[in-house]
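Okay, structure first, notes after.
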Ligand code: SF4
């Protein structure tokens, strides 16, 4: 009698669970687009655009399901850090710490090719990150070719000049998400003197042009009371902000472990987000808090994949490990990565960092930043 490998039943269970969570994520993205439609109701052309996009999402979801049945796991979201270059030098920047010696970034042609391939595979949501993504200005020519895809550009905002602003206004599928750390004191302390003032002017221009934009507010132990605060959020909604991203600070840089929010602060985030969602006409995404609804960390293709500037297909921006590079490999082939598959199949193991893990990777090679079990400081 043949015996089954001991791990097989758990792997099958994991895969089934991942599929359930993937369906749930698909539903949540639909909700996201309907919410986007609602919050942009005073801007009819933007609202009409989101309505069209919601319809496209259904098609994209069917395309992904088709690939799944053929053995290719296509997540709905792709995070692409198109460059490691940046015009700032912020304190605690994870990218500068993790990717100091980055190799050559992919050419504009290959970047364009990957985005086209992503669309054909049914990826409907692309997060552009960096470094500072707008140092590669050509990206806004590529995004214009794909109105069905929503591009969120996570940017420090300083390179939004007249030309960039005009493209952002024309391309309703491109949503700039600008980083702030709080008011002037908190923002300038981390990003550099004078940054807050410049950003206030840029945000004012985005509002005047009726551009749909968001803000990314990294939650630390010290800025928690400033930014997880209804008065602060209210002011930003009055400035025209429609999406708030609230990622918790991850201590990739040594010596910043005490920036991580406390257990008490982290535990309160979900409830506060609920009250913000009912009070303000805006979208709130709190990470990793919102991921818990999907069984935890969505990396490695459970919900998203990450592509580094040099083209490595990785689990997430915080985990610079890869067994495949997209310079000469089509995305469809790369998505069949054995490394990412192994992470997905061992998702539960990844969610258990050492109890004493201070920050960074645990013994599983995973990052506790997105673990519901990590207790922080
Ligand atoms: S703007 Fe972003 S990528 Fe650039 S230094 Fe600051 S945190 Fe790092």
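The values are calculated or read from the model by the stated rules, or taken from the named source; none is laboratory data. This is a predicted model, so every value here is computed, not measured. Every residue, glycine as well, gets a Cβ built from its backbone with ideal geometry; the counts of neighbours run over all protein chains shown.
Condition first: without any contact (Cβ under 8 Å) to a residue 60 or more places away in the chain and within 17 Å of residue 115 (Cα to Cα). Now tell me which residues in segment 299-323 satisfy that.
312, 313, 314
List pairs: first residue in segment 102-117 and closer than 18 Å to residue 146 by Cα, second residue assigned to a helix (DSSP H, G or I) anywhere in the structure, Cβ distance under 7 angstrom, at least six positions apart or on different chains.
If the second residue must be assigned to a helix (DSSP H, G or I), the pairs left are 111/142; 112/142; 114/331; 115/142; 117/331; 117/332.
Quick check on segment 118-151: of everything there that is within 16 Å of the ligand (Cβ to nearest atom) and touching a strand residue (DSSP E or B) at 6+ places or on another chain (Cβ under 6 Å), which residue is farthest from residue 29 (Cα to Cα)?
Per the criteria, the residue is 134.
Could you grab the pairs with beta carbons closer than 7 Å, sequence gap of 6+ or different chains, first residue in segment 190-217 and within 15 Å of residue 43 (Cα to Cα), second one within 15 Å of the ligand (Cβ to nearest atom) and in a strand (DSSP E or B)?
Every condition considered, the pairs that remain are 213/176; 213/178.
Residue 224 is checked against (1) touching a helix residue (DSSP H, G or I) at 6+ places or on another chain (Cβ under 6 Å); (2) within 16 Å of the ligand (Cβ to nearest atom); (3) at pLDDT 95 or above and fails just one. What number does that condition carry?
(2)
Identify all residues within segment 95-117 that are buried (at least 19 other Cβ atoms within 10 Å of the Cβ) and either closer than 30 Å to residue 54 by Cα or within 9 Å of the ligand (Cβ to nearest atom) (or both); write none if there are none.
Within segment 95-117, 95, 111, 114, 115 qualify.
Need pairs with beta-carbon distance below 6 Å; first residue touching a residue at least 24 places away in the same chain (Cβ under 8 Å) and farther than 27 Å from residue 191 by Cα and within segment 128-147, second away from the ligand (no atom under 15 Å from the Cβ) and outside any loop (DSSP other than H, G, I, E, B); sequence gap 6+ or separate chains.
Close Cβ pairs (under 6 Å, with a partner that is away from the ligand (no atom under 15 Å from the Cβ) and outside any loop (DSSP other than H, G, I, E, B)) amount to 142/112; 142/115; 143/151; 143/174; 146/119.
Which residues, taken from segment 177-189, are more than 21 Å from the chain's Cα centre (by Cα), more than 13 Å from the ligand (Cβ to nearest atom) and under 23 Å from residue 95 (Cβ atoms)?
If the condition is that a residue be more than 21 Å from the chain's Cα centre (by Cα), more than 13 Å from the ligand (Cβ to nearest atom) and under 23 Å from residue 95 (Cβ atoms), then 186 is the only one that fits.
Would you mention how many residues in segment 69-95 are under 29 Å from residue 337 (Cα atoms) and in contact (Cβ under 8 Å) with a residue 12 or more places away in the chain?
18
Here is a list of conditions, (1) assigned to a helix (DSSP H, G or I); (2) buried (at least 19 other Cβ atoms within 10 Å of the Cβ); (3) away from the ligand (no atom under 16 Å from the Cβ), and residue 65 meets all of them except one; can you say which number that is?
(2)
Can you pull out every residue in segment 68-94 that is on the phi > 0 side of the Ramachandran plot and within 14 Å of the ligand (Cβ to nearest atom)?
The one that is on the phi > 0 side of the Ramachandran plot and within 14 Å of the ligand (Cβ to nearest atom): 92.
Considering segment 214-239 alone, what residues qualify as being out of contact with any strand residue (DSSP E or B) (no Cβ under 7 Å at 6 or more places or on another chain) and assigned to a loop (DSSP other than H, G, I, E, B)?
220, 221, 222, 223, 229, 239
If you check 174, 164, which single one turns out to be without any contact (Cβ under 8 Å) to a residue 60 or more places away in the chain and within 16 Å of the ligand (Cβ to nearest atom)?
164
Would you check if there is a residue in segment 285-297 being assigned to a loop (DSSP other than H, G, I, E, B) and surrounded by fewer than 18 Cβ atoms within 10 Å (Cβ to Cβ)?
There is no residue in segment 285-297 that is assigned to a loop (DSSP other than H, G, I, E, B) and surrounded by fewer than 18 Cβ atoms within 10 Å (Cβ to Cβ).
Only one of these conditions is not met by residue 172: (1) buried (at least 17 other Cβ atoms within 10 Å of the Cβ); (2) within 18 Å of residue 314 (Cα to Cα). Which number is it?
Result: residue 172 passes all but (2).
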